[in-house]
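Written out below as structure tokens is the structure these notes cover.
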Amino acid sequence: MDTLYGSAPLPVWERPEPQPRAAPVPLSRAKIAATAIRIADAHGLDGLSVRKIAKELGVGPMRLYDYVVNRSELLDLMVDAVYAQIAEAGQQSEWRSTLLAIAHRTRDAALDHEWFADLLGGRPHLGPHALAVGESTAAALSQAPGVRGIDDLQRALGVLNAFIVGALRREITERRTARSTGTDVSAWQAALGPYLTRMLETGRYPTVARLVIDGAHLNAEETFHHNLITILDGFTTRPHT
């Protein structure tokens with residue numbers, strides 16, 4: 001079929017749903033995505049397969065290909081369903097509160113669906129809800145005092161997105177490490193505390209010592225919020241070129 005994309009099929013967002021069939025059970029892309037999300041939440045992306053989704057839905061695996069042509073489209077649907085949750089943050093009264101709400105909603109979504117963070121940081125997500133979140137983010141950031149043109153906006157978006165993706169991946173990596181080792185960060189710190197004390201007492205790492213001894217020891221949510229505030233503060237003045 002010739003489309004705007006040559007011989008490739010239209011994106012899943014632009015293809016109509018297949019004609020409904022009552023037997024054995026009615027399906028929709030939303031229902032398939034919701035089932036896939038439940039499986040990925042429980043078993044991760046490595047544990048996600050068309051066969052498992054079909055079994056949970058009570059249909060044959062081949063029937064799912066009427067709705068998605070491959071795994072990439074399935075992941076697109078799943079990701080956009082999560083962006084729908086993030087989009088509920090909406091526009092706030094001013095640019096900072098909007099960006100804070102979106103960033104914290106994104107963190108909440110990633111903690112609820114850890115696999116979501118694995119799919120951030122690559123090519124942009126272009127589903128309708130992802131685009132809505134992107135529009136809200138860009139529109140809010142364009143109102144920051146230090147963002148005075150499209151070049152400033154592109155740089156600011158890059159900085160903000162890099163922070164959010166990096167922070168979420170770090171936090172989720174720690175959660176996974178704690179589960180796989182049976183040792184949370186407090187126990188890990190306690191185990192290595194004597195070694196670190198001996199190293200710092202050598203005097204070779206004075207700045208690290210200041211950070212360890214005098215720095216604030218915040219939990220993950222506090223760290224995310226405080227670092228986010230620092231990023232947003234940087235958008236109040238025009239960046240140096």
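Odds and ends about this structure:
- Residues satisfying the stated conditions in region 66-118, i.e. more than 11 Å from the chain's Cα centre (by Cα), closer than 15 Å to P11 by Cα and hydrophobic (A, V, I, L, M, F, W, C): V68, V69, L74, L75, L77, M78
- Test result for R175, farther than 29 Å from V12 by Cβ and either among the β-branched types (V, I, T) or in contact with a Leu (Cβ under 7 Å, 6 or more places away or on another chain) (or both): no
- Taking each residue of region 89-114 that is assigned by TED's automatic domain parsing to the domain that holds D41 and looking for partners that are among the hydrophobic types (A, V, I, L, M, F, W, C) and at pLDDT below 95 with beta-carbon atoms closer than 8 Å, six or more apart or interchain, yields nothing.
- Sole residue being within 11 Å of H129 (Cβ to Cβ) and assigned to a helix (DSSP H, G or I), chosen from D46, D80: D80
- Residue satisfying all of: in region 13-41; in contact with a Phe, Trp or Tyr (Cβ under 8 Å, 6 or more places away or on another chain) and part of a loop (DSSP other than H, G, I, E, B); surrounded by the most Cβ atoms within 10 Å (Cβ to Cβ) among these: L27
- Test: residue in region 208-217 that is exposed (fewer than 12 other Cβ atoms within 10 Å of the Cβ), basic (K, R), part of a loop (DSSP other than H, G, I, E, B) and more than 23 Å from the chain's Cα centre (by Cα): no
- Test: P128 is in contact (Cβ under 8 Å) with a residue 12 or more places away in the chain, in contact with a Ser or Thr (Cβ under 8 Å, 6 or more places away or on another chain) and assigned by TED's automatic domain parsing to the domain that holds G158: no
- Scan region 58-77 for residues that are assigned to a helix (DSSP H, G or I) and either touching a Lys or Arg at 6+ places or on another chain (Cβ under 7 Å) or under 17 Å from H125 (Cα atoms) (or both) and the total you get is 8.
- Evaluation of G58 against (1) in contact with a Gly (Cβ under 7 Å, 6 or more places away or on another chain); (2) modelled with pLDDT under 95 (one fails), failing number: (1)
- Where P128 falls short, out of the listed (1) within 18 Å of the chain's Cα centre (by Cα); (2) buried (at least 19 other Cβ atoms within 10 Å of the Cβ): (2)
- For Q143, the test of being in contact with a Phe, Trp or Tyr (Cβ under 8 Å, 6 or more places away or on another chain) and within 22 Å of L228 (Cβ to Cβ) is passed.
The values are calculated or read from the model by the stated rules, or taken from the named source; none is laboratory data. Treat the numbers as computed from the prediction; the structure is a model and nothing was measured. Heads up, the Cβs are rebuilt from the backbone with ideal geometry, glycines too, and the neighbour counts pull from every protein chain shown.
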